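A short write-up of the structure that comes next.
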Amino acid sequence: MDKQRQKQLQKWLRQQQKIVKKWLYLNVLFGTFSALLVVGQMWFLASMLHKMIMEQQAPSDFFGELTLLLACFIGRALLFWLRERSGFQAGKTLRIHLRQQILDKLAQVGPMTIQQRPAGSWAALMLEQVENIHNFYARYLPQQFLSLITPLVILCFVFPLNWAAGLILFLTLPLLPIFMALVGFKAADANQRNIGVLSRLSGQFLDSLKGLETIRLFGQADAQTEQIFKRTEEFRISTMDVLKMAFLSSAVLEFFTAISIAVMAVYFGFIYLGELDFGYYDVGVSLFIGFFCLMLAPEFYQPLRELGVYYHDKAAAIGAADSIETFLTSDVSTQSNGNIALPDQPLNIVAVDCQIFSPQGTALTEPLNFTIQAQQHIALVGQSGAGKSSLMNMLLGFLPYQGSIKINGVELRELGIKQWRALLAWVGQNPQLIKGSLRENIVLGNPQATDDQISEALRLSRADEFVYRLGLEREIQDANMGISGGQAQRIAIARALLRPYQFLLLDEPTASLDMQSEQQVLAALHHLSKQQTTLMITHRIEDLKQCDEIWVMKQGQIIQQGKFTELEKQGFFAELLGNQELLGTQEIR
């Protein structure tokens, strides 16, 4: 990662601090009070030592100083606890904010963009990489402020007592951040590599788990194990590189801190031996001044030493911010979210030279022209890659387009996308059930549905036969465990039927059903499609015969439109139908 990119990411990280500035300022305020207590603590210690050694006072005379010293210890412990709490709240608030931004962006870009990366990499982005930013706001940023404030507070007390001691502290202080910065550039690069390796490892591991059955059937378990082992070794090496940089940074800080304190100790030693005669005012250099300045010297450098300890948090945050900022600021082309309300009238969709594009701007279809009338039942057919799913995803609002497609006279890109999707019901080939009860999955699109409405939807989708046997409160496990593909499909259909929709979109909704369930569900869907507008991707001849119109797609174009009886003996549709009938099946592939 070049320096310009690092500066850009640091600027982005600092822009986010406005979300947590209240907790950040509290952290710094508690740290400043703690610095004042440190000064008071060293003052009382130096005063007691001076009185005991130089004035030969008895320990019983120091009861007041001891009480105040104990109060300083307790106060520092309390302030440290408050700093930890405020720092944690800052990191927590920022993590919640960033994860919400990522979720909003994922919702904006849609499933077409999400499918282009392994699920594991998205999990790494949401979990590990956001987590890596926590300590930047919880510890590093407050400590950066305190590494300036605390030395200034100490200098304000040291300079009036001995200007030479103050000058030594002031001149040696810049050495620490200079060498810390030199190590920090390498640490940021190491963290960026580490995050990249972790993302690839997460993606490969999750994909291997999902495809474990296929891997074992094809005898590739050993090969996959070897690949994962190589990835874990790569991750181990990159992690050790990060730790090496962190330890190197700490060692450099400790070395220069020790040198600086030694210089001050040598100065006071020669002062007391009478070899040096400068740096003090008319009052001379008492034992109190020497003890006070020497005991404050480690505390003077302590904020920078702690900053060095937290410096790897900054490097980790920069590495994580690279992926997060890139994703959040990526210009993925989607349908813009307008705010025009849809006129309350029967659904009418008119497309004129509507060309569909991928989120990256690649043309997926040729310019399309079509009309969908209210309560019309339309079937989409064509070979794989013809553009059927692209057309449906565009209507769902997940893909951008050029040209015009108007819903009741309003351009789709100018509609409020939430209002438009509230009128849609969709059932795909591979339904996704969320973790929760069967009831929560069924009412996902209509949480206000009554028990009677749920019962009717289950009856129409033919899901009642197993839902009531399992129970509506039955918990759905990860990966739909305990629910067959056909059962999940019927739950998805029931979920769609509960929505107050005007436009029903079906992407081979019976693909996972057995013959008997298929016929029952198709009868229910056909009944519903007569009441509402329906667009269905299907290859089943029985479906096609019952449709009002068939659209035949080839290479991104709608090349035929008409009823089954009109198309079955002409053009590309007849060719598809004839080839399939030779196989003696009831599907067009």
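Of note:
- A count restricted to segment 454-482 and to residues that are more than 12 Å from ILE442 (Cβ to Cβ), among the aliphatic types (A, V, I, L, M) and in a loop (DSSP other than H, G, I, E, B) stands at 1.
- Residue in segment 405-425 that is surrounded by 14 or more Cβ atoms within 10 Å (Cβ to Cβ), aliphatic (A, V, I, L, M) and part of a loop (DSSP other than H, G, I, E, B) present: yes
- Annotation: of all residues in segment 329-349 being of a type in the set (Gly, Ala, Ser) and farther than 27 Å from PRO500 by Cβ, the one that is modelled with the lowest pLDDT is SER333.
- Search result, residues across segment 350-363 that are surrounded by fewer than 20 Cβ atoms within 10 Å (Cβ to Cβ) and either modelled with pLDDT of 90 or more or in a strand (DSSP E or B) (or both): VAL350, VAL352, ASP353, GLN355, PHE357, ALA363
- Pairing each residue of segment 303-322 that is surrounded by fewer than 24 Cβ atoms within 10 Å (Cβ to Cβ) and in a loop (DSSP other than H, G, I, E, B) with any residue that is of a type outside the set (A, V, I, L, M) and modelled with pLDDT of 80 or more, provided the two are 6+ apart or on different chains, yields C-beta distances under 6 Å for TYR310/ARG139; TYR310/TYR140; TYR310/GLN143.
- Of all the numbered requirements in (1) surrounded by fewer than 18 Cβ atoms within 10 Å (Cβ to Cβ); (2) touching a Leu at 6+ places or on another chain (Cβ under 9 Å); (3) farther than 30 Å from LEU328 by Cβ, GLY31 misses one, and that requirement is (1).
- Sole residue being under 21 Å from THR113 (Cβ atoms), basic (Lys, Arg) and within 35 Å of the chain's Cα centre (by Cα), chosen from ARG421, ARG439: ARG421
- Pairs, first in contact (Cβ under 8 Å) with a residue 60 or more places away in the chain in segment 53-75, second assigned to a helix (DSSP H, G or I), C-beta under 7 Å, six or more apart: ILE53/LEU287; MET54/LEU287
- Residue match in segment 59-78 (condition: at pLDDT below 85, basic (Lys, Arg) and surrounded by fewer than 20 Cβ atoms within 10 Å (Cβ to Cβ)): no
- Only residues that are farther than 22 Å from ALA321 by Cβ and in a loop (DSSP other than H, G, I, E, B) were counted across segment 102-158, and they come to 2.
- The set of residues in segment 7-36 that are over 30 Å from LEU69 (Cα atoms) and among the aromatic types (Phe, Trp, Tyr) contains only TRP12.
- Criterion applied to LEU296, LEU273 was being surrounded by fewer than 18 Cβ atoms within 10 Å (Cβ to Cβ) and either more than 53 Å from the chain's Cα centre (by Cα) or assigned by TED's automatic domain parsing to the domain that holds GLY31 (or both), and the one residue passing it is LEU273.
The values are calculated or read from the model by the stated rules, or taken from the named source; none is laboratory data. As the structure is a computational prediction, the values presented were derived from the model and not from experiment. With ideal geometry, Cβ positions are generated from the backbone for all residues, glycine too; neighbour counts draw on all protein chains shown.
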